[in-house]
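Asker: First, the structure itself, so that you have it in front of you.
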Amino acid sequence: MAGIPQGGKLIRPILVEIERIDPAATAAAGQYNHVLKEPIPQRANAGRTTEQRTDGMVRRPPIKILAQMERGPFMALNMVASGNAASSNLRLVLHRRDLAKRGLLLADGLPDFHVGDRILATYTRWGKLIAPIPDPPGLYCTQVQPAGEGLGGNQNLVVLYFDHRDQAVPGG
């Protein structure tokens, strides 16, 4: 693992199950809008009361990885015109050493996580379920950020920011 910073440790790490998008497969399936740089929404049962909207993304099989979780609000209720909607966000701190061991660093050294990746559940380090993440509203990655500039000047951490998806227009 030459070139991968080895220093530092995560604080109280847990296992987090993440379902990652596959950008290349999404584009190959014609489900990606290159102008807007986002997946093309798909609709099942269009025009019916049972209409369902999906994001059109092709997803990879879920993975479990050690992470330090930094919580924001979790399932806080916000008043919306149609009732209450849950709001959540959190940050996951991952160590590049763990990502390298799992093959989750790209050839250019960037982490293989993308906006739109989704947290499915959290587990203890030993694999016991702590909590599934309900979807909707879900927790979706909104930012992937290298971090952890330490004494050696290397970035040994990656921070993933996750937020809920709005279920309604705010304002009661």
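The values are calculated or read from the model by the stated rules, or taken from the named source; none is laboratory data. A quick note: this is a predicted structure, and the numbers were derived from the prediction, not measured. Cβ atoms come from the backbone with ideal geometry, glycine included; neighbour counts cover every protein chain shown.
Asker: When the residues of the stretch 141-167 are narrowed to those that are more than 21 Å from Met69 (Cβ to Cβ) and surrounded by 14 or more Cβ atoms within 10 Å (Cβ to Cβ), which ends up modelled with the highest pLDDT?
Answerer: Checked the stretch 141-167; the qualifying residue modelled with the highest pLDDT is Asn154.
Asker: Continuing with the same structure: Counting residues that are in contact with a Leu (Cβ under 9 Å, 6 or more places away or on another chain), which strands (runs of 3 or more DSSP E) fully inside the stretch 102-164 reach at least 3? Write out each step before concluding.
Answerer: Details: elements: 118-123, 129-132, 140-149, 155-163.
Strands (runs of 3 or more DSSP E) meeting the threshold: 118-123, 140-149, 155-163.
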